[in-house]
Amino acid sequence: MTNCIRLSHVSNGVIENCTIFDSYIGMTLIAPHNCHFVNNTLTGCDEVGILLSSSDNCTLGDNRIINGEGHGFYVQYTENTTFISNVIANCSRFGFYITSTANCTFVNNTLESEGFGIKGDLQYWIHDFSENTVNAKPFGYFIKENDTEIDGSQFGQIFLIDCFNVSLSSGAFFNASIGISLFSCVNCTISNANFTGNLQGIDLLHSENITLRNNNLIDCGIRFDGNETKYWTVTESGNTVNGKQFGYFLNQEKLVLDGDDYGQLVLVDSDHLSIAKNQGYHRIGLHVVEDNIAAVNLYKKLGFIIEGVLKDAYFGADEEYHNMLVMGKILR
C-alpha cells in the first residue's frame, strides 16, 4: 500500500481508533482545519507514519507509530496544531520531523529510539515543548538562554536555540536521531558528552564561536550548516569519532592528511589539501536526488561520476516521486 488513509482540505473531521500496518505512508493529511486524529496505531510504515501538511488548529493525540523505516510524524507548513501523548518507537529516522512549521504545541509525547528534528529559519524552531521524553529522559528545549550551565546527563536529546554563552557538559545521547542541535547560538560549549547511533551526534546550524571539547561519537558525526565561514569556525580539542580523532582544519594550505588517522574530517577555507587513500577502500559511492542540481554539481567537482539512475526511488515532501542518481568515485 502507498497511502492507507488520505485526507485533503477537510474541516472539523475526525480519524480515530484505526489500525494501519505495512503502508508506505500510513496517513496523509493535507490542509486539515480544526480536525482531530486520535488513538490510531500505525505499524511498519516504510516512509512516514503520519504526514501532516498545511494544518491549522488540529489535534493529534494518543497515536502510536512503531517499527517504521522512516519518520514517525512528518510535519510541514503547519501552524497552531497540538501533538499530545503520542508514542513513537523504533522508527529509523526521526520521531518528529518538523519543517517550515510554527507555533505548535508538543506535550507529553514519548519517543523511543528516535528524536525530534527541525528544519527552517529561526521562526520555525519556536514551539511550545513540555513534558516530552526521548529514550526515557526529558527532551531538553532551551531558547534564548544566556550565561547558563546545563547538565546534559539529565536529557535524552537537547536543542539550544538562539542561546548565548551556554556551557553544556556530559550526557549520553543514543538513538536520538540528533543528540544535540544548536541553532543560531553564539559562544556556546559542548564538552564531555557521548553520542552513539544517531543520524548526527552534534548539529551546528548557523551558530558561531562554538567550542567542542572531549566529546566521543560512535556511528555518528558532527554536522555544520551555514553559508558563511563563521558558521563553520569552531574551537575543538580531544573529540573522537569512531575511536579516531575528529580532524578539523581551518585556513590550512598544502597539507597531506592520512585518512586512516581520522574518524571524520572537516576542511574549512583550506587549499591544496590531499587526503591519502584509506587502507582497504578502493571505491566510495553515494545516492543523491537527481533534482538536487547543486549537490550533483558539487559531487562532480569532487570527482564523482554518475553510474546509474534509480527511477522514482525517492518520495519527497512534495508527495512526488523523484529519481535518484548513483554516483561513485575510485580512490587512486
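The values are calculated or read from the model by the stated rules, or taken from the named source; none is laboratory data. The structure displayed is predicted, hence computed values, not measured ones. Every residue, glycine among them, receives a Cβ derived from its backbone with ideal geometry; neighbour counts consider all protein chains shown.
Taking L182 and the conditions (1) under 18 Å from the mean Cα position of the chain (by Cα); (2) surrounded by fewer than 16 Cβ atoms within 10 Å (Cβ to Cβ), which numbered condition does it fall short on, given that it satisfies the others?
Condition not satisfied by L182: (2).
Yes/no per residue for (1) more than 16 Å from C185 (Cβ to Cβ); (2) crowded, with 17+ Cβ neighbours inside 10 Å:
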{"position": "G70", "(1), (2)": "yes, yes"}
{"position": "E79", "(1), (2)": "yes, no"}
{"position": "F96", "(1), (2)": "yes, yes"}
{"position": "I158", "(1), (2)": "no, yes"}
{"position": "I161", "(1), (2)": "no, yes"}
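So which residues in the range 85-123 are among the acidic types (D, E) and more than 14 Å from the chain's Cα centre (by Cα)?
E112, D121
Output the residue which, of all residues in the range 143-156 that are surrounded by fewer than 19 Cβ atoms within 10 Å (Cβ to Cβ) and in a strand (DSSP E or B), is nearest to the chain's Cα centre (by Cα).
The extreme case among them is I143.
The rows are residues; the columns are (1) of a type outside the set (S, T, N, Q); (2) under 24 Å from L199 (Cβ atoms).
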| site | (1), (2) |
| --- | --- |
| R223 | yes, yes |
| G226 | yes, yes |
| Y231 | yes, yes |
| L255 | yes, no |
| Q264 | no, yes |
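Residue pairs, Cβ under 6 Å, 6 or more apart or interchain, first in the range 1-30 and modelled with pLDDT under 95 and in a loop (DSSP other than H, G, I, E, B), second surrounded by 16 or more Cβ atoms within 10 Å (Cβ to Cβ) and of a type in the set (S, T, Y). List them.
M1/S23; T2/Y24
Among all residue pairs at least 6 apart or on different chains, which show Cβ distances below 6 Å where the first residue, located in the range 218-239, is in contact (Cβ under 8 Å) with a residue 12 or more places away in the chain and the second is surrounded by fewer than 18 Cβ atoms within 10 Å (Cβ to Cβ) and among the basic types (K, R)?
Listed by first residue and then by second, the contacts come to S237/R213; G238/R213.
If you go through the range 260-268 one residue at a time, do you hit one that is surrounded by fewer than 13 Cβ atoms within 10 Å (Cβ to Cβ), at pLDDT 70 or above and either in contact with a helix residue (DSSP H, G or I) (Cβ under 8 Å, 6 or more places away or on another chain) or part of a strand (DSSP E or B) (or both)?
no
Please verify whether T235 is surrounded by fewer than 20 Cβ atoms within 10 Å (Cβ to Cβ), over 18 Å from the mean Cα position of the chain (by Cα), within 22 Å of E149 (Cα to Cα) and of a type outside the set (D, E, K, R), treating the condition exactly as stated.
Criteria met by T235.
Report the residue count in the range 208-220 for those that are buried (at least 19 other Cβ atoms within 10 Å of the Cβ) and either assigned to a loop (DSSP other than H, G, I, E, B) or of a type in the set (K, R) (or both).
Total meeting the criteria: 2.
Of everything in the range 108-143, what is of a type in the set (V, I, T) and within 22 Å of G68 (Cβ to Cβ)? Give them in sequence order.
T110, I118, T133, V134
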